[in-house]
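For reference, the structure is listed below as structure tokens.
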Amino acid sequence: MTEIPVVDLGRGVAMPMVGFGTWQMQGQQAYQAIRHALQAGYRHIDTATIYRNEDEVGRAIAGSGLDRSDVFVTTKLPPGSAGRARATIAESLRALGTDYVDLWLVHWPPRRRVSPRLWQEFLAIRAEGLCRAVGVSNYSVAEIDELIEATGERPAVNQIPWSLSQYDPALLAAHAERGVAVEGYSSLKDTRLRDPVLAEIAKSHRVTPAQVVLRWQLELGIIIIPKSARPERIESNLDLFGFSLTAEEMARLNQR
């Protein structure tokens, strides 16, 4: 099985750079897709309270034969639940059938505000061991700076949209300067996979355009969470380590 690279989030937490996204998956479809992903070699599952599939994630992990410690689990607090963060993490843990999650994110700034008070509560819940790392999703760099200034603690991760058309080296550099890992979502959904340059590069490596996009993201140091309910897509989205992109190819993709 291919060894998936990890990102060091600090405090002894290593996050696999390839995860399995579960947005818009529910019920038996979600359960079967997650089970197949785990069988295929994924060791990082991304869910959220609003996805309404935490129960399926928990059942799939429990039925996989893997130790809980071998699977990195992310879930997220809905912004509307900012006033009941402790109750929400308790509900997530019950649904997931676990004593802790590996990463807990604020899904969006609640009421479009940064809320250092909520971030303090996240830090307290981390200290209690209910989550191993905490981060944010859909936050700007300025909002991250406000959290750091108010609490002295940076988010371990910021999960944001990322695709070829959204390439922004300054944004990546700003996160790196603050020690915040970038996790990109919707990289395939928001990319024109029939782009001729993408197709040319894919053909030269005998892979699919989707695999090129995901490999491009990894080579930028961005964590990926592709999703699919189709077994063959689940497998191909993980099959990213038999090729690498040249500096010239990366430059061409960065300009798409």
Practice task
Quick one: which strands (runs of 3 or more DSSP E) lie wholly within segment 1-79 and hold at least 3 residues that are within 17 Å of Glu235 (Cα to Cα) and under 14 Å from the mean Cα position of the chain (by Cα)?
Solution key: 44-46
Problem - Any pair with Cβ under 9 angstrom, 6 or more apart, that starts in segment 142-154 at a residue that is under 16 Å from Gly10 (Cα atoms) and ends at one that is among the polar types (S, T, N, Q) - result: Glu153/Gln120
Problem - Single match in Arg178, Arg192, Arg117, Arg126 (criterion: over 27 Å from Gln24 (Cβ atoms), charged (D, E, K, R) and touching a helix residue (DSSP H, G or I) at 6+ places or on another chain (Cβ under 8 Å)) - result: Arg178
Practice task
Starting from segment 31-42, keep only residues that are of a type in the set (Lys, Arg), then list their pairs with residues that are open to solvent by 30 Å² or more (accessible area, probe 1.4 Å) whose Cβ atoms are within a distance under 7 Å, requiring at least 6 positions of separation or different chains.
Solution key: Arg35/Gly63; Arg35/Ser64
Completion exercise
Residue hits (segment 142-166; touching a Leu at 6+ places or on another chain (Cβ under 7 Å) and of a type outside the set (Ser, Thr, Tyr)) are Glu153, Pro155, Ala156, Val157, Gln159, Leu164
Handout entry: Residue in segment 221-243 that is nearest to the chain's Cα centre (by Cα), counting only those that are surrounded by fewer than 18 Cβ atoms within 10 Å (Cβ to Cβ) and under 18 Å from Val7 (Cβ atoms)
Key = Gly221
Practice task
Mind checking which helices (runs of 4 or more DSSP H) fall wholly inside segment 138-256 and carry at least 1 residues that are of a type in the set (Val, Ile, Thr), more than 24 Å from Ile45 (Cα to Cα) and at pLDDT 95 or above?
Solution key: 141-151, 196-205
Exercise for the section: Quick one: which residue in Ala202, Ala247 is of a type in the set (A, V, I, L, M), free of Cβ contacts under 8 Å to residues at least 40 places away in the same chain and surrounded by 15 or more Cβ atoms within 10 Å (Cβ to Cβ)? Expected result: Ala202
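Residues checked against (1) polar (S, T, N, Q); (2) open to solvent by 10 Å² or more (accessible area, probe 1.4 Å); (3) modelled with pLDDT of 95 or more:
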position: Val13; (1), (2), (3): no, no, yes
position: Val18; (1), (2), (3): no, no, yes
position: Tyr31; (1), (2), (3): no, yes, yes
position: Ala48; (1), (2), (3): no, no, yes
position: Val71; (1), (2), (3): no, no, yes
position: Lys76; (1), (2), (3): no, no, yes
position: Pro79; (1), (2), (3): no, yes, no
position: Leu93; (1), (2), (3): no, yes, yes
Handout entry: Any pair with Cβ under 8 angstrom, 6 or more apart, that starts in segment 169-182 at a residue that is in contact (Cβ under 8 Å) with a residue 60 or more places away in the chain and closer than 19 Å to Ala251 by Cβ and ends at one that is assigned to a helix (DSSP H, G or I) and open to solvent by 20 Å² or more (accessible area, probe 1.4 Å)
Key = Pro169/Asn254
Completion exercise
Checked pairs for segment 219-237, first closer than 10 Å to Gly19 by Cα, second open to solvent by 50 Å² or more (accessible area, probe 1.4 Å) and outside any loop (DSSP other than H, G, I, E, B), C-beta under 6 Å and 6 or more apart or across chains, list as Ile225/Tyr185
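The values are calculated or read from the model by the stated rules, or taken from the named source; none is laboratory data. A quick note: this is a predicted structure, and the numbers were derived from the prediction, not measured. Neighbour counts run over all protein chains shown; Cβ positions are idealised from the backbone, glycine included. Accessible surface areas use protein heavy atoms only, side chains included; no ligands, DNA or RNA. Shrake-Rupley method; radii C 1.70, N 1.55, O 1.52, S 1.80 Å.
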